[in-house]
Amino acid sequence: KAGVTQTPRYLIKTRGQQVTLSCSPISGHRSVSWYQQTPGQGLQFLFEYFSETQRNKGNFPGRFSGRQFSNSRSEMNVSTLELGDSALYLCASSFTGISYNSPLHFGNGTRLTVT
Amino acid sequence: DQQVKQNSPSLSVQEGRISILNCDYTNSMFDYFLWYKKYPAEGPTFLISISSIKDKNEDGRFTVFLNKSAKHLSLHIVPSQPGDSAVYFCAARFMNNNAGNMLTFGGGTRLMVKP
């Protein structure tokens, strides 16, 4: 079974630009979550999508948004990039049907550098 | 306000000995805990989890202990191997329908296992 796939692996953008990151979950997984990892703040939850609906949102500004498609693939978008948005962005998926006892499986992340 | 804390940023252990990684939490509404291992340039990999109805869960060389009264959990690795050298994150999740898959992570502990 293929794991969580994130594209691209590396991205360099300029302040003020926008960026879209993509995530393909493990086949059959319906929940996709996004996390931001920085040296100073660690791993922080951005948002989670389940069946194309945002189920939870972390404490990030509205410049960070996401969506999920009918095939469970997800994208996240960051508009008006700031230097502080430089981070590793991790996508995670899980089956999460009725039971919540399913761990998250992470992709290898997209390393975003804002200059 | 860090709700999940890993107070030791690093730990060095001799191969074959026991590694003990600690994690403290403040929110009593957490009742499902997970440990992840992370190598550089890769996403976190799920190791082991424990529900609050248990105080111990074992999987091969890995054992997680939970002390609810102290709001403390620990991961024991026995015997430690050089391949265990990585950053270990503990994470906590609310086990109710509204929380979905939102995980709160500790800051991580870098484990170095010396041959």
Does residue A:70 count as within 19 Å of residue B:90 (Cβ to Cβ) and either polar (S, T, N, Q) or more than 14 Å from chain B (Cβ to nearest Cβ) (or both)? no
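Could you run through region B:28-82 and say how many residues are small (Gly, Ala, Ser) and within 14 Å of chain A (Cβ to nearest Cβ)? Step through it out loud before you land on a result.
Going residue by residue through region B:28-82, those that are small (Gly, Ala, Ser) are B:28, B:41, B:43, B:49, B:51-52, B:60, B:69-70, B:74, B:80.
Filter again for within 14 Å of chain A (Cβ to nearest Cβ), leaving B:41, B:43, B:49, B:51-52.
Final tally of qualifying residues: 5.
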Cβ pairs under 7 Å, 6+ apart, first in region B:53-72 and on the phi < 0 side of the Ramachandran plot and touching a residue at least 40 places away in the same chain (Cβ under 8 Å), second among the acidic types (Asp, Glu) and assigned to a strand (DSSP E or B): B:72/B:24
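Could you please find all residues in region A:68-82 being touching a strand residue (DSSP E or B) at 6+ places or on another chain (Cβ under 6 Å) and charged (D, E, K, R)? Reasoning before the result, please.
Start the filter on region A:68-82 by keeping residues that are touching a strand residue (DSSP E or B) at 6+ places or on another chain (Cβ under 6 Å), which leaves A:68, A:73-78, A:81.
Scanning region A:68-82 gives A:73, A:75.
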Can you tell me which residue is farthest from the other protein chains (Cβ to nearest Cβ) among those in region A:22-50 that are surrounded by fewer than 17 Cβ atoms within 10 Å (Cβ to Cβ) and not in a strand (DSSP E or B)? A:27
Pick from B:10, B:19: which is crowded, with 21+ Cβ neighbours inside 10 Å and over 26 Å from residue A:93 (Cα atoms)? B:19
The condition of being more than 27 Å from residue B:48 (Cβ to Cβ) and more than 14 Å from every other protein chain (Cβ to nearest Cβ) holds, among A:53, A:115, only for A:115
The conditions are (1) within 14 Å of another protein chain (Cβ to nearest Cβ); (2) charged (D, E, K, R); (3) in contact with an Asp or Glu (Cβ under 8 Å, 6 or more places away or on another chain), and residue B:110 fails exactly one of them. Which is it? (3)
Residues of region A:73-112 being within 14 Å of chain B (Cβ to nearest Cβ), touching a residue at least 24 places away in the same chain (Cβ under 8 Å) and part of a loop (DSSP other than H, G, I, E, B), in sequence order, are A:95, A:96, A:97, A:104, A:107, A:108, A:109
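The numbers here are math on the coordinates, done by the rules we state, and not lab data. It should be emphasised that the depicted structure is a prediction, and the values quoted were computed from it without experimental measurement. Using ideal geometry, Cβ is built from the backbone for each residue, glycine included, and neighbour counts are taken over all protein chains shown.
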